[in-house]
Amino acid sequence: MTKPVVGMGITYAINGDQYPYTIRTVSESGHSFTATPDEETRSPGIFVPQETAEVRKFTRKADGRYAPVGQRFGFVYLGRRSERDPSF
């Protein structure tokens, strides 16, 4: 992922599920950022940022990928996607 930017849409993926987020703040170094989850509308692929949703902090790992603080699995990539794997 390139350096995060406020307002950028991202997806947090873990165990076959994908969750859309919007970046809210970015540290000066770009090493960490905060983001809030987005809500998918009835029109597939259209997401609405949730201004009052719980804020989650993401940090860059040694391999350069971002993940939520305290999570060993999952990763973040550019663009918003929402998908749930029913097998989990």
Residues being more than 19 Å from Thr59 (Cβ to Cβ) and not in a strand (DSSP E or B) - total across segment 7-22: 3
Residues of segment 43-71 satisfying the condition of being over 12 Å from the mean Cα position of the chain (by Cα), within 14 Å of Thr11 (Cα to Cα) and of a type in the set (A, V, I, L, M, F, W, C): Ile46, Phe47, Val48
Single residue of segment 12-27 satisfying the filter (in contact (Cβ under 8 Å) with a residue 40 or more places away in the chain and under 16 Å from Gly64 (Cα atoms)) that is surrounded by the most Cβ atoms within 10 Å (Cβ to Cβ): Tyr12
Close pairs from segment 59-88: first closer than 21 Å to Gly7 by Cα, partner outside any strand (DSSP E or B) and of a type in the set (Lys, Arg), Cβ under 8 Å, at least 6 apart: Ala67/Lys61; Phe75/Arg65; Val76/Arg65
Test for Ala62: is it surrounded by 11 or more Cβ atoms within 10 Å (Cβ to Cβ) and aliphatic (A, V, I, L, M): no
Residue that is nearest to Val26 (Cα to Cα) [pool: residues in segment 49-74 that are assigned to a loop (DSSP other than H, G, I, E, B) and among the aliphatic types (A, V, I, L, M)]: Val55
Among residues of segment 28-50, those that are surrounded by fewer than 19 Cβ atoms within 10 Å (Cβ to Cβ) and farther than 18 Å from Ser82 by Cα, counted: 6
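A short reminder: the numbers here are calculations on the coordinates, not readings from a lab. The structure presented is a predicted model; accordingly, all values stated were derived computationally and were not measured. As a convention, Cβ positions derive from the backbone with ideal geometry for all residues, glycine included, and neighbour counts pool all protein chains shown.
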